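The values are calculated or read from the model by the stated rules, or taken from the named source; none is laboratory data. Keep in mind that this is a model prediction, so the values were computed, not measured. In this analysis, Cβ positions are derived from the backbone assuming ideal geometry, glycine residues included, and neighbour counts consider all displayed protein chains.
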Amino acid sequence: MLLPFLFVVLTAPQIETDVAAETKHLANIHQVTSGLPRAGEGYFSPAGDTIVYQAYPIGYPFYQIYVQKIDEQTPRLLSTGRGRTTCAYFNNDGSKIVFASSHTDPMIDETELSAREEAAKGGRRRYQWDFDPHLELYLVNTNGTGMKRLTDSAGYDAEGSFSPDGRQIVFTSKRHGDPDLYLMDADGSNVRQLTKTPGYDGGPFFSPDGNWIVFRSDRQREHMLQLYMISVDGKTEVQLTDNLNQVNWCPYFHPSGKYLVWAGADYSGGPTSAHFNLFTMDLDWSDRTVKSGVIKQITFSSAADVLPVFSPDGKSLMWTSTRTPDGSSQLWVADWLAGHETNSEKILNPR
């Protein structure tokens, strides 16, 4: 569920952080992945003691899926070790994980060779996410056994996540040309299209009550992602942000359902000037729908902070950040404080 033009820092940065501003919201900030060149997009198990994420293996040119205990920096490979992978997510009881993989690409040998040759030229290229047409969704037990293919369509199938009851999966597909949201039963059956507006719709997650799905879309202007919600029956859609100078993406609900967190960056000065921090938005659920409320900035670092998620109990926040000394992206976790509900921090206008 990564942004198509998310950057990778080429040199070790001088990280600067407004600690006082961050301590209103976060405490005990610490890195939880290491030993792999790059890691990110992590999600908690329902018990909150295990995480699943994607990372670059040493010597391999594409992300693979790993699981590890949150308090142990010992990653265990879950995917096959070949092809592109992305977007791993636990089901409701923590017994299974859905993820996308291109390991059945008939040209995988050539694809890997091309990527290795590019890497051998030296340096670390700017990160770009390809809509690989060979990405399909798979379901696997958390111990790595029993892998089952859920989708088999011409075009990109990825960015999947489970409903709170574990009965449905929402995902992004290009099976009809345009990247839209789809729903299917957890066994891969009963696929139905949810969004049909031209433009990319992706990064979907269910609300805690299972009635809504939050997602990102560039339907207003290509690449300039904004936040939306749609009811699971597809009848009601709400736009939450409307600022085409700012990219807003990777939204995720707090388990209370009262607000969501996401990453945003101001692109008014061009892509090279953009910088991602984390924000929260209060949600008003009155009148049988949802409205955007007060937006507050959460992180204040010169490092890139993206892909935030809450723990199931709402007491921790995990995100991907380049706060590392070498500027590589890794997963970080912090205690989530009640201080985010104060009105003393920077407040932005969502619309």
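When the range 302-350 is examined, which residues are found to be modelled with pLDDT under 90 and either within 15 Å of residue 23 (Cβ to Cβ) or buried (at least 21 other Cβ atoms within 10 Å of the Cβ) (or both)? Correct list: 338, 339, 340, 341, 342, 344, 345, 346. I want to confirm something. Restricting to the range 298-316 and keeping residues that are of a type in the set (A, V, I, L, M, F, W, C) and assigned to a loop (DSSP other than H, G, I, E, B), which single residue is farthest from the chain's Cα centre (by Cα)? This residue is 300.
Among the residues of the range 276-297, how many are charged (D, E, K, R), within 16 Å of residue 253 (Cα to Cα) and not in a strand (DSSP E or B)? Walk me through how you get there before you give the answer.
Filtering the range 276-297 down to residues charged (D, E, K, R) leaves 282, 284, 287-288, 291, 296.
Of the ones still in play, those that are also within 16 Å of residue 253 (Cα to Cα) are 282, 284, 291, 296.
Then drop every residue that is not not in a strand (DSSP E or B), which leaves none.
Total satisfying the criteria: 0.
Residues that are touching a residue at least 12 places away in the same chain (Cβ under 8 Å), buried (at least 21 other Cβ atoms within 10 Å of the Cβ), more than 18 Å from the chain's Cα centre (by Cα) and not in a loop (DSSP other than H, G, I, E, B) are absent from the range 78-95 altogether. Residues in the range 183-194 that are part of a strand (DSSP E or B) and surrounded by 16 or more Cβ atoms within 10 Å (Cβ to Cβ) were compared, and the one that is nearest to the chain's Cα centre (by Cα) is 183. Scanning the range 279-301 for residues that are among the hydrophobic types (A, V, I, L, M, F, W, C) and either farther than 15 Å from residue 231 by Cα or surrounded by 20 or more Cβ atoms within 10 Å (Cβ to Cβ) (or both) gives 279, 281, 283, 290, 294, 295, 298, 300.
Just one of the listed residues (233, 218) is among the charged types (D, E, K, R) and either more than 16 Å from residue 179 (Cβ to Cβ) or surrounded by fewer than 16 Cβ atoms within 10 Å (Cβ to Cβ) (or both), and it is 233. Restricting the range 196-233 to residues that are under 26 Å from residue 256 (Cα atoms) and among the β-branched types (Val, Ile, Thr), the residue that is nearest to the chain's Cα centre (by Cα) is 214. Filtered by the rule that a residue be closer than 20 Å to residue 50 by Cβ and in a strand (DSSP E or B), the range 136-182 gives 138, 139, 140, 141, 160, 161, 162, 169.
Filtering the range 127-153 down to residues that are surrounded by fewer than 12 Cβ atoms within 10 Å (Cβ to Cβ) and of a type in the set (D, E, K, R), which residue is modelled with the lowest pLDDT?
130
Checked against the criterion of being at pLDDT below 95 and of a type outside the set (Asp, Glu), the candidates 271, 255 yield just one match: 271.
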